[in-house]
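First up is the structure itself, then whatever we jot down about it.
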Amino acid sequence: SSPASRPRFHTAARLGPAPHPDPPWGSSLSSVLRGSAAVEACRMAEASGIVASQGGPVHLSSRGEPSPFENQYCEGVACLVHRPAAGSAELFSPEHAALLEVSGPPTACWELQLQLRFKVRPSGGLWCGFELRQGPLRLGGFLRFMANAVLKVAKSMAAQRGAHLRYVLGDDKFTEKPHMAVPIMAAYRMFRSESPVALPITWPGKKGTWHYSDGQWLSIERDPQFFDTSHYFTLIFNTANIDWHTWQIVNIPALGAININMFTGPQPAFSMMYDDGEGSDGSPGETTRQAVVERRRYFVEVEWPQPHARHAKEASAASATLAQDVHLATPQGSCIAECEPSAKDRLGAELHEQGTPDKQREGLLMRRTIVAL
């Protein structure tokens, strides 16, 4: 249960499919690039997460693609549906659009579904929220005012659900990292099943708990002993107030959009789901605060990289994949030369025609591995 025993976050694995093992020779460089996994990887510089898992991190796409993970406390699947970024040409399926409408109004910016089978039963209450792990909040006088305003709205929203909001700004002498969390049992929607079901679940019920039986969702009660180690539980998290594409807090009355990195600096944010550990009844003052923190068991941890970090990782992955694609498209014995300025210009023009954003295009304009025909 100590932090050292939890799955670690490492550098994200290369994005995009593997290059074709036997590309047809005779294609132009343009066609090689247009079919390249590198170009596809660059187009994935979108809202995305990284789920901690045994054996290494798992990439979490914003397009509703299930991502399996496992750790010492549970096994499961994560599925994120995020509305496309403003100005994006990405197609958004009617099913996904309707899914973000279920919890509204207002319409959610995104919805994260976690389907879990617990290996150990949660104890002392199950909590979900956000945490910073690489440094404290950056709070001057004005930013402290802004942070308190955001927390006031969050506390009000939690109170409407009859939930208690835990939060620590991380600016006192105690070692607990900045975080805010609410109890899972306050979630509006929750699903249970005897075996795994396909994600995302698009059941239109706005509030309640459902069990899957004989091919349909049946309403059930959610009692305090709801979680066990024999069923699969799908937990629903969504909000209309955080946009991971832009890394902004949005739709806050009288405040509009606020850049999250005003408070965090360049570090990523983490979503986590944890309990208070074995033997805990969750009551305040049952032991020291530090002992409570050390006893927590983290069932799910998701890292949310900032846009600049996503671009850097994906441009690096795209460069490596592009080098492989061009190498495989080169006949044995042909010359691989340094890229001349005119060739760079042609490559840049081709990527521009494909709509590749400037920052991603820069990562693809490599100074070598251009085929000399």
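The values are calculated or read from the model by the stated rules, or taken from the named source; none is laboratory data. Note that the structure is predicted; figures quoted are calculated from it, not measured. A quick note on method: Cβ atoms are made from the backbone with ideal geometry, for glycine too, and the neighbour counts reach across all protein chains shown. The area values use the complete protein model at the heavy-atom level, side chains included, leaving out ligands, DNA and RNA. Shrake-Rupley method; radii C 1.70, N 1.55, O 1.52, S 1.80 Å.
Please turn the phi angles of the stretch 206-216 into ³J(HN,Hα) values with the Karplus equation 6.51 cos²θ - 1.76 cosθ + 1.60 (θ = phi - 60°), one per residue in order, whole Hz, x for glycine and proline.
Result, ordered by residue: 7, 8, x, 10, 10, 10, 8, 8, 6, x, 9 Hz.
Note down the magnitude of the dipole of the stretch 125-238 about its Cα centre, charges +1 on Lys and Arg C-beta and -1 on Asp and Glu C-beta and zero elsewhere, to the nearest 20 debye.
My answer is approximately 580 debye.
Do the alpha carbons of any pairs in Lys155/Lys207; Lys177/Lys207; Lys155/Lys177; Lys152/Lys207; Lys152/Lys177 sit beyond 27 Å of each other, and which pairs?
Correct reply: Lys177/Lys207.
Kindly identify the stretch 47-159 as rounded, prolate or oblate by the Cα gyration tensor criterion: order the square roots of the eigenvalues as a ≥ b ≥ c, call it rounded if a/c is under 1.5, otherwise compare a/b with b/c, prolate if a/b is larger, else oblate.
Values: a/c = 1.60, a/b = 1.10, b/c = 1.45.
It comes out oblate by the Cα gyration axes.
Return the loop-located GluC sites (Glu not before Pro) in the stretch 98-205 (DSSP other than H, G, I, E, B) with at most 11 other Cβ atoms within 10 Å of their own Cβ; answer none if there are none.
When the GluC sites (Glu not before Pro) of the stretch 98-205 are filtered for loop state and at most 11 Cβ neighbours within 10 Å, Glu194 remain.
Can you pull out the trypsin sites (Lys or Arg not before Pro) in the stretch 128-159 whose DSSP state is coil and whose Cβ has at most 16 other Cβ atoms within 10 Å?
Arg133, Arg138
Please report the accessible area of Leu169 (heavy atoms, 1.4 Å probe, ligands and nucleic acids excluded) in Å², nearest 10.
Accessible surface of Leu169 is approximately 30 Å².
Let me check I've understood the local charge: for Val77, count other residues with C-beta under 12 angstrom from its C-beta, Lys and Arg +1, Asp and Glu -1. What total comes out?
So the surrounding residues net to -2.
Once the cut-off is 16 Å, how many percent of the Cα-Cα pairs in the stretch 205-259 end up in the long-distance tail? Can you show the working numbers first?
Details: 902 of 1485 pairs.
Cα-Cα pairs of the stretch 205-259 separated by over 16 Å account for 61 percent.
Once the piece of chain linking Lys152 and Gln54 is laid out straight, how much longer is it, given 0.36 nm per residue of separation minus the C-alpha distance between them?
31.6 nm
Could you give the length gained by full extension between Thr107 and Leu255, i.e. 0.36 nm per residue of separation minus their alpha carbon distance, to one decimal place?
51.4 nm
Taking a probe of 1.4 Å, how large is the accessible area per residue of the stretch 108-196, in Å²?
48
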